[in-house]
2 protein chains.
Amino acid sequence: MSALKFKLTIAFDGSAYQGWQSQKSGRGVQDQVEAALARLFPSAPGVQGSSRTDAGVHALGMTAHFEVRRVEFRMPARHLVLAINACLPEDIRVLSAAKAPAEFNARFDTTGKQYRYEVWNHTVMNPLERARAWHVPRPLDLAAMREAAAHFVGRHDFRSFTANRGDVLEDAVRTLSRCEVRRTGARITFIIEGEGFLYKMCRGIVGTLVQIGYGKYPPAEVKEMLAREDRRVAGMNAPAHGLVLWKVFYPRTQVRSRP
Amino acid sequence: MSALKFKLTIAFDGSAYQGWQSQKSGRGVQDQVEAALARLFPSAPGVQGSSRTDAGVHALGMTAHFEVRRVEFRMPARHLVLAINACLPEDIRVLSAAKAPAEFNARFDTTGKQYRYEVWNHTVMNPLERARAWHVPRPLDLAAMREAAAHFVGRHDFRSFTANRGDVLEDAVRTLSRCEVRRTGARITFIIEGEGFLYKMCRGIVGTLVQIGYGKYPPAEVKEMLAREDRRVAGMNAPAHGLVLWKVFYPRTQVRSRP
């Protein structure tokens, strides 16, 4: 056992970044976390994140793992969070760091993820919410949106709800366990949970639900959209800045909660 | 009746501004609203706001009035909000505009104001809240803070809770009708309502309550602080970026709610 492995839980305001993944420009969140670790550990460990998030998407529960040589880890483990945060910009924060077993992999061991999406549904945008909620000024039919949301739950081919990245998509079958729409005043929150997600799938689901909310499609059309397996029959993509990777799930026993 | 008077309700993210009031630098929120009106009306009307807010303080319910010549008001009144917002930066939004009687004055007719202050009480700051909540990492005793908050309610001399602006303060007696502390997860919200407020008074109250929350003063010390009428005996000022001017109250019958 010459290496120590840690699981990190990370929050970030994605406004200034090209998504999680490392970029040549250095504007991936991963680049910032790796730069912080390089200041703490001579081996400059790489970080493996659980999810690639799109440019502009936020996170409150991103997870990642990294390994350091046991000999270079000289601080009390409980200081690790403070030490990394001291080296990070303010828009990225490590919320927790837990020792993980050697076999833990933040990306491959996930059992599910929860995303939340926020819409500000009022004729005028709230300026304090403008960096993290999508402004939808038109009145929305919540009952229709909830009826439509229920059609997404379960095991479906989600080909119609993913952006084409030019490559042929072989397996687009995913299982959603939750797709809820909540309203508090002008704030509408979408909670979407599932085993795994395709590229831009959450944003396609939310965009379609909003269009159903102002009457562009009837709620039952979602069944048809899923069945057609064609991106062109579904609704729009909601913009990135309303989306938050809220939580990443792992088997319960795998990682101790505190370092 | 050659003039039309309007009451505006305005929301702004105060991060980029030197407060509401017009500045030589042009970085007052009022400067931005007046610049927008100048693009719509040849007379370039001045705006009278209900409150001066400090640099960095936000608002969701600032109020103001302005007058235009009847002959220069050529749009349907219901378009006024859209027209002004089209001329404002994204961090300032007019939420509503209502025709007001000639005798209405947004500053002198107020019957009260409500401020809210947000604290993020967790060891690590939430990066999505960093522009509008004060990060307090230490554990807080909510019961002590609530006991202390109750001592602020009522009619008191608040001299100990206002920043000295160099001038002698003649009348520092104010009446608070609410001073509440609410908690939801890591978010602590202070709701402070009263007829009128002294300079930095809300921030002095919140800073003192937070210090009571981590045990620097016992809750009953608030009575002593008020009685001493000396700024040096009260607690710290909470930073500006957690404070929001939430609502300004007027006599109910004075202004029609829609233009």
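Overview of results
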quantity	calculated
Gyration tensor verdict on segment A:68-165 (Cα atoms; rounded if a/c is under 1.5, prolate if a/b is larger than b/c, oblate otherwise)	oblate
Links that overshoot a 24 Å alpha carbon limit, given the list A:Lys99/A:Lys200; B:Lys99/B:Lys200; A:Lys200/A:Lys247; B:Lys216/B:Lys247	A:Lys99/A:Lys200; B:Lys99/B:Lys200; B:Lys216/B:Lys247
Ascending list, in nanometres, of distances separating the B:His79 label from those of the other copies (7 Å, Cα toward Cβ)	6.6
Under 16 Å from A:Lys24, Cα to Cα: aspartates and glutamates that are on another chain or at least 8 residues apart	A:Glu34, A:Asp54
For segment A:87-116 and segment B:126-158, distance of Cα centres in Å	31
Fraction of the pair-distance distribution of segment B:3-109 above 20 Å, Cα-Cα pairs, percent	31
Long-range HN-HN contacts of B:Gly28 with modeled amide H, under 5 Å	B:Gln18, B:Gln23
For the protein assembly as shown, share of DSSP beta bridges that run antiparallel, in % to the nearest 5	90
For B:Glu229, inter-copy label distances in nm, listed shortest first [label point 7 Å out on the Cα-Cβ vector]	8.3
Shape of segment B:171-218, Cα gyration tensor, a/c cut at 1.5	oblate
Set of aspartates and glutamates near B:Lys223 by C-alpha distance (under 18 Å), chain-local residues within fewer than 8 positions excluded	B:Glu147, B:Asp157, B:Glu180
Label-reachable residues, segment B:109-125, where backbone N falls under 20 Å from a point 7 Å from B:Thr175's Cα toward its Cβ	B:109-115
Integer Hz, Karplus 6.51/-1.76/1.60 couplings in order for segment A:232-238, x for Gly and Pro	5, 8, 8, x, 6, 8, 5
Candidates per trypsin sites (Lys or Arg not before Pro) in segment A:67-122, loop by DSSP, up to 12 other Cβ within 10 Å	A:Arg74
Gyration tensor verdict on the protein assembly as shown (Cα atoms; rounded if a/c is under 1.5, prolate if a/b is larger than b/c, oblate otherwise)	oblate
For residues of A:90-99, the mean tally of beta carbons on other chains within 10 Å	3
Packing-based exposure ordering (other Cβ within 10 Å, fewest first) of B:Lys223, B:Lys247	B:Lys223, B:Lys247
Shielding score for A:7-18, defined as the mean number of other chain Cβ atoms within 10 Å	2
Computed over chain A, Kirkwood Rh from alpha-carbon pairs, angstrom	19.4
Axis proximity, chain B to A: residue whose C-beta lies nearest, plus whole-Å distance	B:Ala131, 4
For B:Ala150, inter-copy label distances in nm, listed shortest first [label point 7 Å out on the Cα-Cβ vector]	4.6
Shielding score for A:127-135, defined as the mean number of other chain Cβ atoms within 10 Å	5
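Rule-based calculations on the coordinates, nothing more; no lab input. In this text the structure is predicted, and so the values were computed from the model without any measurement. Heads up, the Cβs are rebuilt from the backbone with ideal geometry, glycines too, and the neighbour counts pull from every protein chain shown.
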